[in-house]
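So the structure is just underneath, and the comments pick up after that.
What follows draws every value from the coordinates through simple rules; no lab data is involved. Just so it is clear, the structure is predicted and the values come from calculations on it, not from any experiment. Because the Cβ atoms are built from the backbone with ideal geometry, glycine has one as well, and the counts that use them run over all protein chains shown.
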Amino acid sequence: MNIGQAAAATGVTAKMIRYYDEIGLVRPAGRSEGNYREYGTREINELRFIKRARGLGFSIAEITHLLSLWRDRNRPSREVKAIADRHLADLDARIAEMTAMADTLRELSRCCAGDDRPDCPILADLTGGKEPAGPAVR
């Protein structure tokens with residue numbers, strides 16, 4: 001397969017395939033006589049692996065490690081589980097942080113009259129209750 005066909009088969013854009021090749025995430029594809037990249041089953045499977053891992057939010061570094069473990073048939077699954085568990089803990093922390101942000105913003109929005117008066121609890125919160133210095137801007 002050429003790069004366009006590999007992109008269609010994996011859902012990874014040709015630009016990203018080139019990037020993954022450039023950073024060494026995927027092993028170099030074979031080359032045709034015309035020096036075009038040629039993708040076989042191994043490369044397609046690796047690109048699908050990467051796409052799925054990216055979809056789950058793994059970083060490039062984590063994917064690099066996961067790919068090396070996937071390629072190693074003698075790998076201990078505990079290493080894979082440890083990477084997944086660390087990533088899950090990070091996701092849970094980010095979800096909790098975003099939930100707290102949404103709850104705070106929801107409460108501030110609820111407290112704002114949203115009318116023609118200048119008083120706004122959203123702006124007051126963002127500035128720590130401080131009014132802008134200088135004359136009022138109109």
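Assuming charge only on the beta carbon of Lys and Arg (+1) and of Asp and Glu (-1), the dipole of the chain about its Cα centre is about 740 debye to the nearest 20. Excluding same-chain neighbours fewer than eight residues apart, the aspartates and glutamates reachable from Lys51 by a Cα-Cα span under 16 Å are Asp21, Glu43, Glu62.
Scattering from the chain was approximated by placing one identical point on each alpha carbon and applying the Debye formula without solvent; log10 I(q)/I(0) at 0.20 1/Å stands at -1.17.
Close amide-amide hydrogen proximity is noted between Glu38 and Gly30, Arg31, Ser32, each under 5 Å apart and 5 or more residues distant or on a separate chain (H modeled in the peptide plane; Pro and chain starts excluded). For the stretch 1-56, the square roots of the Cα gyration tensor eigenvalues, ordered a ≥ b ≥ c, give a/c of at least 1.5 with a/b greater than b/c, which places it in the prolate category.
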